[in-house]
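**Student:** A single structure is presented below for examination.
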Amino acid sequence: MKKLFLGLSVALGASAFATTALATDVSQSVTAGSLTANIANLTLPAATYSNASQTRSGTMVLQVADNRDTQAGWNVSIVMTAAGFVYSGSYTNVAIPSANFTLDSAEVPVMVSGQAVGLAAATGPQVPPTSPLGTLDVTRMPIKATAAYGNGSYTQDLGVTLTIPGQSRVGTYTGVLTVTASNSP
């Protein structure tokens, strides 16, 4: 009989400690980012002093990220500063003109994350239908995304060539590209 009483006591104790569930809200904000574009530094292969003009080619990697969530589309332009390739060495007033630096190829963009790259004219990002190739002393647009496309992060290989005039002085020449991301396709 003692065992029966203990069983009843345990049953009463369990109902006295019943728990209630409390609801707790957890919130998370997602804020808009920005539209950014940049090109990593590029060092072209060295050239040996020559009386004749020579060229050096390389590939720049353009990186574009649209984290605005606006679906507005965008474009990126690049241009060499008017000073061209400024010389650093033992001579003065020596430079390679910005017109000697050319954009030779603009490859299909590659998606890192976000919306897929579209090759159809109504989607993007893509190389614009009007050729972006030519000298970089004028503004070139190698990539754009139409409205409703381009939310994400992308890379694009850009082939470039520098024509070094004959009898260019021994030293280092440095040029500055301006990369601009604009809010409209």
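The values are calculated or read from the model by the stated rules, or taken from the named source; none is laboratory data. None of the values given here were measured: they were computed from a predicted structure. Glycine gets a Cβ as well: all are built from the backbone with ideal geometry, and neighbour counts include every protein chain shown. Accessible surface areas use protein heavy atoms only, side chains included; no ligands, DNA or RNA. Shrake-Rupley method; radii C 1.70, N 1.55, O 1.52, S 1.80 Å.
**Student:** Hey, could you check region 152-170 for residues that are closer than 15 Å to TYR87 by Cβ and among the aliphatic types (A, V, I, L, M) and say which is modelled with the lowest pLDDT?
**Tutor:** Looking at residues that are closer than 15 Å to TYR87 by Cβ and among the aliphatic types (A, V, I, L, M), I get VAL170.
**Student:** Can you pull out the residues in region 33-50 that are modelled with pLDDT of 95 or more, assigned to a loop (DSSP other than H, G, I, E, B) and of a type in the set (Val, Ile, Thr)?
**Tutor:** Of everything in region 33-50, just one residue is modelled with pLDDT of 95 or more, assigned to a loop (DSSP other than H, G, I, E, B) and of a type in the set (Val, Ile, Thr), namely THR48.
**Student:** Only residues that are of a type in the set (A, V, I, L, M), within 18 Å of ILE39 (Cα to Cα) and either over 12 Å from the mean Cα position of the chain (by Cα) or at pLDDT below 90 (or both): list them for region 109-144, please. Reasoning before the result, please.
**Tutor:** Just the residues of region 109-144 that are of a type in the set (A, V, I, L, M), to begin with: 110-112, 116-117, 119-122, 127, 133, 136, 138, 141, 143.
Still in the list and also within 18 Å of ILE39 (Cα to Cα): 110-112, 127, 133, 136, 138, 141, 143.
VAL127, LEU133, LEU136, VAL138, MET141, listed by residue number.
For every residue, the table says whether it meets (1) modelled with pLDDT of 95 or more; (2) of a type in the set (A, V, I, L, M, F, W, C); (3) surrounded by 10 or more Cβ atoms within 10 Å (Cβ to Cβ).
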| site | (1), (2), (3) |
| --- | --- |
| LEU4 | no, yes, no |
| ALA18 | no, yes, no |
| ALA21 | no, yes, no |
| GLN28 | no, no, no |
| THR31 | no, no, no |
| SER57 | yes, no, yes |
| GLN71 | no, no, yes |
| ALA83 | no, yes, yes |
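**Student:** OK, next. Between a first residue in region 29-44 that is without any contact (Cβ under 8 Å) to a residue 60 or more places away in the chain and a second residue that is surrounded by 10 or more Cβ atoms within 10 Å (Cβ to Cβ) and among the polar types (S, T, N, Q), which pairs have beta carbons less than 8 Å apart while being 6 or more apart in sequence or on different chains?
**Tutor:** Qualifying pairs under 8 Å: ALA32/ASN67; ALA32/THR70; GLY33/ASN67; SER34/ASN67; ALA40/GLN63.
**Student:** Right, another one. Please determine whether any residue of region 94-108 is more than 17 Å from ALA65 (Cβ to Cβ), over 22 Å from the mean Cα position of the chain (by Cα), open to solvent by 50 Å² or more (accessible area, probe 1.4 Å) and free of Cβ contacts under 8 Å to residues at least 60 places away in the same chain.
**Tutor:** Within region 94-108, one or more residues are more than 17 Å from ALA65 (Cβ to Cβ), over 22 Å from the mean Cα position of the chain (by Cα), open to solvent by 50 Å² or more (accessible area, probe 1.4 Å) and free of Cβ contacts under 8 Å to residues at least 60 places away in the same chain.
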